[in-house]
Amino acid sequence: MAAPTTPAEIGGIGHSVQRKEDARLIEGQGNFLDDIDLPSTLHMAILRSPLAHARINGIDSEAAMALDGVLAVVTGDLMDQHGLAWMPTLSGDTQAVLATDKVRYQGQEVAAVIATDPYIATDALELIEVDYEDLPPITTPQQSLEEGAALIRDEKEGQTDNLAYTWETGDKGATEEAFAQADRVVTLETHYPRSHPAPLETCGIVADVNSVTGQATIYMTSQAPHAHRTLFAMVAGLPEQNIRIVSPDIGGGFGNKVPIYPGYVVATAASLLIGQPVKWVESRTENLISTGFARDYYMKGELAVTDEGRILGLRVNMLSDQGAFYSDAQPTQFRAGLFHVVTGSYDFPAAHIDCKGAFTNKAPGGVAYRCSFRITEASYLIERLVQNAAYEVGIDPAEMRLRNFIQPEQFPYETATGFVYDSGDYPTALRTALDEVGYEDLRREQAEARAEGRLIGIGIAHFTEAVGAGPSRTYDIAGLKMIDSAELRVHPTGKAILKLGVKTQGQGHETTFAQIVAEVLGIPAIDIKVEHGDTDHTPYGLGTYASRSTPVGGAATAVVARKLADKSKKIAAHLLEAADEDIELASGVFSVAGSPDRSVTIQDVALAAYTNLPEGMEYGLEDVTYYDPPNLTYPYGSYIVVVEVDPDTGVWQVQRMVALDDCGVRINPMIVEGQICGGLTEGFAMSAMQWITFDEDGNCIGANFMDYLVPTAWETPKFELLATEVPSPHHPIGAKGVGESATVGSPAAFVNAVIDAVAHLGVRNIDMPVLPDRVWAAIDEAS
Amino acid sequence: MEVNITINGSEHASDVEPRTLLVDHIRRTVGLTGTHVGCDTTSCGACTVLMDGKPVKACTVLAAQADGSEVTTVEGLKGADGLHPVQQAFTDDHGLQCGFCTPGMMLVGASLIAENPDPSDDDVRWAISGNLCRCTGYINIVKAIRTAAARVAESSNGS
Ligand code: FES
Ligand code: FES
């Protein structure tokens with residue numbers, strides 16, 4: 001790890017600066033959505049469908065309206081009168097705001113009550129009578145695409161089946177050729193189950209529309225406040241200058257707070273119609289059954305390999321379960337997100353990927369749950385396949401990877417599906433992790449244990465992510481280019497305010513982004529206030545998800561700070577009576593080359609920017625940058641998990657988890673490691689317990705934290721973290737982003753470890769979550 | 001109905017609906033919003049407060065049941081001489097990210113330390129196993145609570 005270049009008091013890049021956001025949070029002074037309490041706020045509760053598929057013949061809200069304290073019952077018909085019964089999704093589909101014709105999944109929004117008190121609003125829901133006529137529910141994408149399946153999207157013009165999209169990428173001909181040359185083809189069919197990000201704070205809104213001025217102040221749990229402002233303007237037809245989105249402290253996002261949900265639209269419409277603020281905070285059950293799910297990919301991967309263990313090509317067929325509306329949050333050009341990064345860390349010439357998605361009677365979503373648009377599924381598939389290929393070829397899974405890795409000198413490396421990986425040293429990463437875990441010894445122990453009837457497994461995953469979307473030529477969401485911004489103002493006393501287009505949900509932007517400025521200008525990080533989340537007070541940006549804050553917003557921050565450094569040097573030259581080009585800046589001190597005793601500080605320069613300027617220079621020390629990244633960044637890592645499986649029960653325990661991450665330059669190592677530990681835990685969760693299923697009637701199993709198991713401190717394994725640091729060559733400070741790496745990379749490592757424990761019996765697949773009964777059944781079947 | 005609850009040392013007498021949950025009472029009536037709500041099945045612990053020194057999930061206690069008791073919320077952790085050791089350790093050890101679970105975690109930590117001055121890693125993990133965190137992976141929460149315990153022990157040995 002490179003040593004910091006600034007002293008600790010300045011706290012630039014590489015310092016584990018204590019977080020600035022902590023002070024308010026540890027004293028209970030955070031300002032989360034539900035803490036916002038405007039005068040005369042009304043409360044909204046949503047009536048949701050108990051059925052997965054049914055026609056609505058009528059809604060009787062008379063009794064609810066009669067309840068004391070109820071001001072309005074909003075139905076789809078009322079929304080329809082304002083042209084708001086349907087809204088566009090982020091993938092070019094439409095989604096019902098409140099159902100008018102039929103309900104298409106359990107939990108779908110049917111009506112909303114506006115009342116003076118949240119308890120009364122909930123009481124009133126019980127009094128609404130809906131006349132439903134059952135329709136046959138479709139609960140799997142396979143069922144959905146069968147001939148004669150009931151049409152879920154019968155309202156959609158031209159839709160004659162349940163197909164949501166098809167998408168194909170790669171070179172089919174070249175891939176067929178590669179397969180023709182292979183000694184063997186290794187096939188894996190596996191399901192990446194439906195999951196839910198379930199941030200600890202649910203989603204919510206306080207909509208405050210002033211009916212006289214038309215000013216709409218909308219507080220919402222938003223990972224992307226600027227994009228949401230534009231979408232609100234487009235959907236609700238409100239003039240954009242009158243919309244102010246404020247995203248307050250956010251209690252975790254993980255992709256869940258990227259989409260616009262029907263509740264937001266209804267609450268805003270209700271506030272507009274009634275003229276009072278309307279608050280809606282969903283319950284946990286509402287969060288789990290109706291807001292953006294993730295994953296749910298049925299994948300078939302085939303790897304063409306030689307007897308020497310060389311990979312020649314990859315073929316993937318994928319079927320995704322989209323739920324009732326196609327509402328993936330993803331760049332427009334890619335119908336299955338960045339799933340085509342599925343070639344992973346390996347050097348082979350040919351790949352072909354064929355995807356389709358089907359509508360089902362389940363909640364919509366397809367959010368990138370702590371993941372850059374479906375990279376989690378892609379990384380999981382290739383890492384599972386490579387391990388299985390090693391078994392088939394008869395070489396060690398670590399060796400299999402080493403034989404196929406993209407080599408350090410091959411960067412920038414263009415993959416078979418067109419990604420240009422920026423930098424990396426995969427062999428060093430894997431070898432370092434193998435050494436740390438004591439791989440050779442472990443393999444010996446595994447063999448000895450087997451002889452005693454004990455099952456030990458060692459699972460490896462070496463993932464490569466593609467994050468930081470993205471270059472404007474390729475990446476947009478709803479037409480908006482995926483740039484991001486930073487505005488920096490240095491005040492006369494040398495203190496600064498940095499305003500960002502991105503928005504933290506716990507990642508620590510108020511600290512790390514200040515550190516970037518501290519690094520460049522030498523203003524202590526503590527003296528830099530970071531503002532974000534309020535669209536009236538920050539420059540435009542597409543928000544925080546897909547690990548794009550550091551790659552895009554962080555780059556914008558470095559660039560704007562450098563612009564100010566350039567101006568500052570000119571001011572310093574004026575103050576020091578030296579030539580501009582002779583001024584050197586280090587840790588906030590401007591000195592004249594060759595005579596270091598002639599110097600001024602950034603604080604002197606800041607004051608001069610408002611008091612004493614060279615002839616012809618504009619006053620002030622502030623600027624704004626919109627950053628259009630030249631490429632994505634490609635963090636990677638080598639994860640190794642050791643498990644012991646109980647052959648009698650199928651229960652597995654993690655013995656070790658060694659995680660090496662290379663996310664390029666680490667701005668704040670403490671925060672980076674915190675992100676990694678959180679991500680590893682979510683990866684473990686998905687591999688071991690966390691999934692959402694449905695029964696055949698379309699009832700959601702996993703509607704609360706008793707059925708949807710997220711790990712507690714008790715189940716969560718302990719992690720041993722390692723790092724290498726290969727900077728991104730195109731990022732202004734060499735950083736790549738890290739918030740999601742561990743969630744992307746680790747599920748395959750955990751699952752591979754369990755498979756490895758039973759691979760000698762012939763087991764090649766157990767679907768996630770790897771529940772004990774599934775393990776037991778796999779052992780039983782194999783022996 | 002009339003309830004009288006001492007919250008963070010000050011008495012709050014109010015007229016509440018019998019069905020009012022303690023967490024709603026604290027947040028809406030008393031106006032202390034550091035206590036959070038993260039679920040509807042008593043699973044997450046975001047709403048944890050101390051009732052007569054013991055952690056309870058305030059979403060599963062009626063305000064009426066708390067009548068006459070002493071309640072400590074996160075806002076009451078700080079003492080006259082500054083942050084509670086648990087608060088200090090949470091920021092020192094990066095025990096929080098989004099901070100939504102943090103009040104509950106710190107209150108459980110504080111009550112654990114009061115009972116067990118030298119908790120092991122497993123003691124802490126067990127104590128906080130009724131509190132969910134979606135951000136941190138717990139490792140730094142456990143570390144912070146143990147750091148706080150060690151600092152408390154050190155300062156009481158020293159005095
Ligand atoms: S809100 Fe009380 S336990 Fe979740
Ligand atoms: S810090 Fe976010 S839930 Fe714990």
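Counting only protein heavy atoms and a 1.4 Å probe, chain A has 33 square angstrom of accessible area per residue. Could you state, as a whole-number percent, how many of the C-alpha pairs of chain B are farther apart than 26 Å? When all Cα pairs of chain B are counted, 25 percent exceed 26 Å.
Three principal axis extents describe the C-alpha atoms of the stretch A:650-740; from largest down they are 52, 30, 19 Å. For the stretch B:136-146, backbone phi angles converted through the Karplus equation (6.51, -1.76, 1.60; θ = phi - 60°) give residue-by-residue couplings of 8, x, 6, 4, 7, 5, 4, 4, 5, 5, 6 Hz, Gly and Pro being listed as x. Max-minus-min Cα coordinates of the stretch B:2-76 on each principal axis give 29, 25, 20 Å, with the largest extent listed first.
Close amide-amide hydrogen proximity is noted between B:Ile7 and B:His12, B:Val71, each under 5 Å apart and 5 or more residues distant or on a separate chain (H modeled in the peptide plane; Pro and chain starts excluded). Sequence-distant contacts, meaning Cα pairs under 8 Å at least 6 residues apart, place the relative contact order of chain B at 23 percent. Residue-normalised convex hull volume from the C-alpha trace of the stretch A:678-729: 127 Å³ per residue.
Taking a point 7 Å out from the Cα of A:Arg450 in the direction of its Cβ, the residues of the stretch A:742-757 whose backbone N falls within less than 16 Å of it are A:753-757.
Residue farthest toward the positive end of the dipole of the protein assembly as shown, with Cβ of Lys/Arg at +1 and Asp/Glu at -1: which of A:Gly309, B:Val108, A:Phe513? The Cα lying farthest towards the positive end belongs to A:Phe513. Each Cα pair under 8 Å and six or more residues apart adds its sequence gap; the mean of these over the residue count of chain A is a relative contact order of 16 percent. Helix B:102-115 and the longest principal axis of the Cα set of chain B meet at an angle near 70°. Spin-label pair A:Thr160-A:Val624: with each label point 7 Å from Cα along the Cα-Cβ axis, the two points sit 5.0 nm from one another. Over all other residues within a Cβ to Cβ distance under 10 Å of A:Gly457, the charged ones net out to -2, with Lys and Arg as +1 and Asp and Glu as -1. Net charge of the neighbourhood of A:Ile245, taken over other residues with C-beta under 11 Å away and scored Lys/Arg +1, Asp/Glu -1, is 0. The distance between label points at B:Thr60 and A:Asp441 comes to 4.4 nm (points 7 Å beyond Cα on the Cα→Cβ vector).
In the stretch A:508-601, which GluC sites (Glu not before Pro) fall in coil by DSSP and have 16 or fewer other Cβ atoms within 10 Å? Of the GluC sites (Glu not before Pro), the ones in loops of the stretch A:508-601 whose Cβ has at most 16 other Cβ atoms within 10 Å are A:Glu577.
Based on alpha-carbon atoms, the Kirkwood radius and the radius of gyration of the stretch A:547-648 give Rg/Rh equal to 1.33. Only one residue of A:Thr693, A:Pro596, A:Val246 has its Cα farthest out toward the positive end of the dipole of the protein assembly as shown, where Lys and Arg carry +1 and Asp and Glu -1 on Cβ, and that residue is A:Pro596. Rounded to the nearest 0.05, the FRET efficiency derived from the C-beta distance between B:Glu70 and B:Arg19 at R0 = 25 Å is 0.65.
In a reduced charge model with +1 at each Lys and Arg Cβ and -1 at each Asp and Glu Cβ, the stretch B:1-139 shows a dipole moment near 440 debye about its Cα centre.
Here's how it looks for A:Ala85: its modeled amide H is under 5 Å from those of A:Asp80, which are all 5 or more places away or on a different chain.
Using Stokes-Einstein with the Kirkwood hydrodynamic radius over Cα pairs, what translational diffusion coefficient do you get for the stretch B:85-158 at 10 °C and a viscosity of 1.306 mPa s, in µm²/s rounded to a whole number? Stokes-Einstein gives a translational diffusion coefficient of 134 µm²/s. Gyration tensor analysis over the Cα atoms of the stretch A:474-546 returns equivalent ellipsoid semi-axes of 24, 12, 11 Å (largest first, whole Å).
Taken about its Cα centre, chain A carries a charge dipole of roughly 1160 debye when the Cβ of each Lys and Arg holds +1 and the Cβ of each Asp and Glu holds -1. Overall size of the stretch A:121-269 from C-alpha positions, given as principal axis extents largest first: 72, 39, 34 Å. Residues in the stretch A:719-730 carry Karplus couplings, in order, of 10, 10, 9, 10, 8, 10, 9, 9, x, 6, x, 9 Hz; the curve used is 6.51 cos²θ - 1.76 cosθ + 1.60 with θ = phi - 60°, and Gly or Pro positions show x.
In chain A, the DSSP-assigned H stretches of four residues or longer account for a calculated mean residue ellipticity at 222 nm of -8500 deg cm²/dmol, using -39500 (n - 2.57) per stretch and the full residue count as denominator. Cysteine residues of the protein assembly as shown whose C-beta has no other cysteine C-beta under 4.7 angstrom: A:Cys203, A:Cys355, A:Cys371, A:Cys663, A:Cys677, A:Cys700, B:Cys98, B:Cys135. Whole-Hz Karplus values for the stretch A:554-566 come out as x, 5, 4, 5, 4, 5, 5, 5, 5, 4, 5, 5, 4 Hz, taken residue by residue from phi with 6.51 cos²θ - 1.76 cosθ + 1.60 and θ = phi - 60°; glycine and proline positions read x. Site pair A:Thr428 and A:Ala593 shows an inter-label distance of 3.1 nm when each label is modelled 7 Å from Cα along Cα→Cβ.
Within 10 Å of the Cβ of each residue in A:673-679, the mean number of Cβ atoms contributed by other protein chains is 6.
Applying the Kirkwood pairwise sum to the alpha-carbon positions of the stretch A:324-473 produces a hydrodynamic radius of 17.6 angstrom.
Hydrodynamic estimate: the Kirkwood radius of the stretch A:7-151 over Cα pairs, inserted into Stokes-Einstein at 20 °C and 1.002 mPa s, corresponds to D of 114 µm²/s. Its Cα gyration tensor gives the stretch A:55-109 an equivalent ellipsoid. The semi-axes, each the square root of 5 times an eigenvalue, are 24, 13, 10 Å from largest down. A straight Cα-to-Cα reach below 21 Å connects B:Lys78 with the lysines A:Lys20, B:Lys54, B:Lys57, B:Lys143, residues fewer than 8 places away in its own chain not being considered. Other protein chain C-beta atoms within 10 Å of residue C-beta, averaged over A:196-202: 6. May I ask for log10 I(q)/I(0) of the protein assembly as shown at q = 0.05 Å⁻¹, from a Debye sum over the Cα atoms as equal point scatterers with solvent left out? With no solvent term, the Cα-only Debye profile gives -0.29. Ranked by the mean number of other Cβ atoms within 10 Å per residue, highest first, peptides A:390-397, A:541-548 order as A:541-548, A:390-397. A cut-off of 5 Å between modelled amide H atoms, ignoring neighbours fewer than 5 places along the same chain, links A:Val665 with A:Ser728, A:Ala735, A:Lys736.
With only Cα atoms counted, the stretch A:245-394 has Rg and Dmax values of 19.9, 72 Å.
The stretch A:668-717 and the stretch A:571-589 have Cα centres separated by 53 Å. Extension gain, A:Asp117 to A:Ile701, is 207.2 nm, computed as 0.36 nm per intervening residue step minus the present C-alpha separation. Each part gets one Cα centre, and for the stretch A:414-453 versus the stretch A:40-106 those centres are 52 Å apart.
Of the residues A:Asn612, A:Ala579, A:Thr625, the one whose Cα sits farthest toward the positive end of the charge dipole of the stretch A:574-682, with +1 on the Cβ of Lys and Arg and -1 on the Cβ of Asp and Glu, is A:Thr625.
The values are calculated or read from the model by the stated rules, or taken from the named source; none is laboratory data. Note that this is a predicted model, so its numbers are computed, not measured. All Cβ positions, glycine included, derive from the backbone under ideal geometry; neighbour counts span all protein chains shown. Quick note on the areas: whole protein, heavy atoms, side chains included, nothing else; ligands and nucleic acids left out. Shrake-Rupley method; radii C 1.70, N 1.55, O 1.52, S 1.80 Å.
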